[in-house]
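Notes for the one structure printed next.
The values are calculated or read from the model by the stated rules, or taken from the named source; none is laboratory data. In this text the structure is predicted, and so the values were computed from the model without any measurement. Please note: Cβ atoms are built from the backbone with ideal geometry, for glycine as well, and neighbour counts cover all protein chains shown.
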Amino acid sequence: MRSHYCGALRKEHVGQEITLCGWVHRRRDHGGVIFLDVRDRDGITQVVFDPDREESFATADSVRNEYVIQLTGIVRDRPEGTINKEMPTGEIEVLGHSLIVLNKAETPPFQLDEHQSVGEDIRLKYRYVDLRRPEMLAKLRLRSKITTAIRNHLDGEGFLDIETPILTRATPEGARDYLVPSRTHANNFFALPQSPQLFKQLLMVSGMDRYYQIAKCFRDEDLRADRQPEFTQIDIEASFVSEEDIMSITEGMIRNLFKETLDVDLGAFPRMPYSEAMEKYGSDKPDMRIPLELVDVADLMTEVEFKVFSGPAKDPKGRVTALRLPKGAELTRKQIDEYTKYVGIYGAKGLAYIKVNNKDDLEEGLQAPIVKFLPIDVRKAVLERTGAENGDIIFFGADSAKVVTEALGALRCKLGEDMDLYTCAWAPLWVVDFPMFEETSDGGLTAIHHPFTAPSCTPEELKANPAAALSKAYDMVLNGCELGGGSIRIHDQTMQQAVFEILGISEEEQAEKFGFLLDALKFGAPPHGGLAFGLDRLVMLMTGSDSIREVIAFPKTQSASCMMTDAPGEVSSKQLRELNIKLRKSATEE
C-alpha cells in the first residue's frame, strides 16, 4: 500500500512519485492551499494539496486529526524560507496528487502534540493513542534496537536462546508469587516465575553451557517508578566460569550496547566492595556522578553531652555520620526543613546541621543550634575530617546504622539532583563482595541476593559464622540504578543444604520445594554463574525517562491494574466452579 515511510523521505527522493500511508498529525489551511502533516512510526512528512486537483483537495479539506489515509504524490524541495531544520524531512515536501481516507477517527482524547498537560491516567486508558506520539514511538524503537543488539552480542559469544516455563511451582524468592489455579489438579496452583533462576541452573546441569533469554517475570509486590508486576529480564547463565568471566562478558555487552545505540563510550567499570559503598555512599547502588561522601564521626562524639550524638556513637549498632555540601550554607531554613522532612521518610528523627561561615573562628564562625553542645576540639575535628570550607554546610545523621545509612544515602542523592552536582553523564560501577546474609527484624537471617548464591567459603566455615560470610555476587550499577545482579551459583548439594539450613528451611521444606534442584546437583552439576538485567530499567535509563512505564508498551498502574483493558477483572461463576474456587465476601459486603 505504500512505497516509503513518512520519516524516510529526503532530498534524494526529489522528483520521485511516492505513496505514503499514515495518520493525519495536523491539518492547516493556508490561503486555499491545504497542508497535511502525515505521520507514521518513522516520522512526519508535510504534504501539500492545491485546488488544481479538485477531488484530492476536497478530500484533504474533509480530513481531521488522526484520520488514517493513503496518498500518492511527487517529492519536491520546500520553497526557500520554509525549510524546517528541526525535522529530518524538513527540506522536502510532497505535492499530493491523490488521497484516500482509509478510516475516519473521532476527536482523540488528547492532542498528540500537546501531551504534556495530559494526566497519566488518560494516557494509559487510551494507550494505543498515546503510543502514536513520536517520543513514545522513539522509545519503543530504541527498546527494539537494544534487544536486537543484546541478542547479536550474546549469539556472538556462543550463548543459546532457550525458553523456560511460565507455569511453574511457587518458590520463595523474596516477593509474592502470582498464583494460577489448576483446573485439572483440583486445589493446586501453578506460579508465574519471579525469574528463570532454577531452570537456568538446571540448563547448566544439562550441559547447555551458555544460555540467555529475554524473559517475562512476575512479582506481586508494591510498585514504584521502576517496578511493575510483570517485567522483562535479560537472563544470562554460563558454565565453567568465574566471577571475572561473567563480569567481563556482561560489561562488554553493555559497553557495546551503549556505543552501538547511543554512541556513548562508558569506559572501564570500576569495582567497589559492598562495605565501601554502604560506608561512603549509604547505598549498595551508589550514584558516582555525585561528588559527595558520608564521613563517620562517631568516635568524635562518644563523650559529648549531646545525647542525640553520644547515644548512637556508643551503641555498637549505631552510627553517627556527616555529609558535607559545598556552598550549602546558602540553603534557607525552609530548604533545610524540607530536607529534614525528606530524611524522615527513611526513619530519621531529625537532621542536624552546621553552617560553616568562618572555619577559623570556632566560637562565632559556625552557625547551628547544635554547636553549643559540641566542645571546641570536636568542632575542629569535624571540620578537618569532613574537609569543610567556608560557605559549606555539614549535615549529620545519628541513629541506628541502618537508619543513618539509608537516610543520608538518600539525602546525598537528593542534594546531587537538586543542586545539579553531577560531574558526568554516565557513571558505571561494579559492586562486589556482598555479604551472604543480612539480619531480619526478628533476628533471623535472609539471603541478600537469593539462596542459590555461592559463598566465598566452605560449608563448615559458613555454618560457623554465617553473618560474616561473603558471597560470590556482583551488581552492575549505572547512575545510582542497579542495572543487573548476579553471582556464581552453588553447584554442590552439601553447600546448598547448608545455606537452606541457615535460612531456616527445614529438610522437609527443602525436599518439597527444591527437591528437583537438590537431586540435579547430585548428578554432575558444573560450576556456573550468571547475571540478570532489568530490560525495562535499562531502557528507561538510556532514554532518559522518569519511569519504566514510559518504555513499556502496555504497562500497569501503581495499583497493578490496566486502565485500558480494566484488568484485573471478575470471571464467571462457571470458570470458578471449574477451578474449584469459591469467593469470600469482602468485609463491606458482609
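Here are some notes:
- Among the residues making up segment 393-412, those that are surrounded by fewer than 21 Cβ atoms within 10 Å (Cβ to Cβ) and either within 26 Å of the chain's Cα centre (by Cα) or not in a strand (DSSP E or B) (or both) are A401, K402, V403, A410.
- Filter result (exposed (fewer than 15 other Cβ atoms within 10 Å of the Cβ) and within 26 Å of E550 (Cβ to Cβ)) within segment 148-173: T148, N152
- Any hit, segment 49-66, residues being acidic (D, E), under 23 Å from P109 (Cβ atoms) and part of a strand (DSSP E or B): no
- Residue within segment 19-39 that is at pLDDT 95 or above, of a type in the set (V, I, T) and not in a strand (DSSP E or B) present: no
- Test: K355 is in contact with a Gly (Cβ under 8 Å, 6 or more places away or on another chain) and more than 30 Å from E439 (Cα to Cα): yes
- Any hit, segment 70-87, residues being of a type in the set (D, E) and either surrounded by 15 or more Cβ atoms within 10 Å (Cβ to Cβ) or within 26 Å of D130 (Cβ to Cβ) (or both): yes
- Condition check for S242: modelled with pLDDT of 95 or more, closer than 21 Å to A525 by Cβ and among the hydroxyl-bearing types (S, T, Y): yes
- Annotation for segment 186-195: at least one member residue is surrounded by 16 or more Cβ atoms within 10 Å (Cβ to Cβ), part of a loop (DSSP other than H, G, I, E, B), without any contact (Cβ under 8 Å) to a residue 40 or more places away in the chain and of a type in the set (A, V, I, L, M, F, W, C).
- A single entry from A520, A511, A525 fulfils the requirement of being of a type in the set (A, V, I, L, M, F, W, C), surrounded by 12 or more Cβ atoms within 10 Å (Cβ to Cβ) and without any contact (Cβ under 8 Å) to a residue 40 or more places away in the chain: A511.
- Considering segment 314-330, the residues that are over 27 Å from D420 (Cβ atoms) and touching a Pro at 6+ places or on another chain (Cβ under 9 Å) include one that is surrounded by the fewest Cβ atoms within 10 Å (Cβ to Cβ), namely G318.
- Count of residues meeting criterion [assigned to a loop (DSSP other than H, G, I, E, B), out of contact with any Phe, Trp or Tyr (no Cβ under 8 Å at 6 or more places or on another chain) and over 18 Å from L517 (Cβ atoms)] in segment 151-182: 5
- Enumeration of residues in segment 413-428 that are assigned to a loop (DSSP other than H, G, I, E, B), touching a residue at least 60 places away in the same chain (Cβ under 8 Å) and either surrounded by fewer than 20 Cβ atoms within 10 Å (Cβ to Cβ) or of a type in the set (S, T, N, Q) (or both): M419, L421, Y422, T423, C424, A425, W426
- L140 being touching a residue at least 24 places away in the same chain (Cβ under 8 Å), closer than 26 Å to D566 by Cβ and surrounded by 16 or more Cβ atoms within 10 Å (Cβ to Cβ): yes
- Residue check for E570: part of a helix (DSSP H, G or I) and either under 30 Å from A138 (Cα atoms) or at pLDDT 90 or above (or both): no
- The set of residues in segment 480-520 being of a type in the set (D, E) and part of a strand (DSSP E or B) consists of E482 alone.
- Screening the candidates L137, L124, L142 for the property of being closer than 11 Å to A553 by Cα, in a helix (DSSP H, G or I) and out of contact with any Cys (no Cβ under 9 Å at 6 or more places or on another chain) yields one hit, L137.
- Top-ranked residue of segment 573-585 - restricted to ones that are under 37 Å from the mean Cα position of the chain (by Cα) and of a type outside the set (A, V, I, L, M), ranked as surrounded by the fewest Cβ atoms within 10 Å (Cβ to Cβ): R584
- Scan of segment 103-123 for residues that are among the small types (G, A, S) and at pLDDT 90 or above, ordered by number: A105
- Restricting segment 432-455 to residues that are in a loop (DSSP other than H, G, I, E, B) and touching a Phe, Trp or Tyr at 6+ places or on another chain (Cβ under 8 Å) leaves a set whose member that is nearest to I502 (Cα to Cα) is P451.
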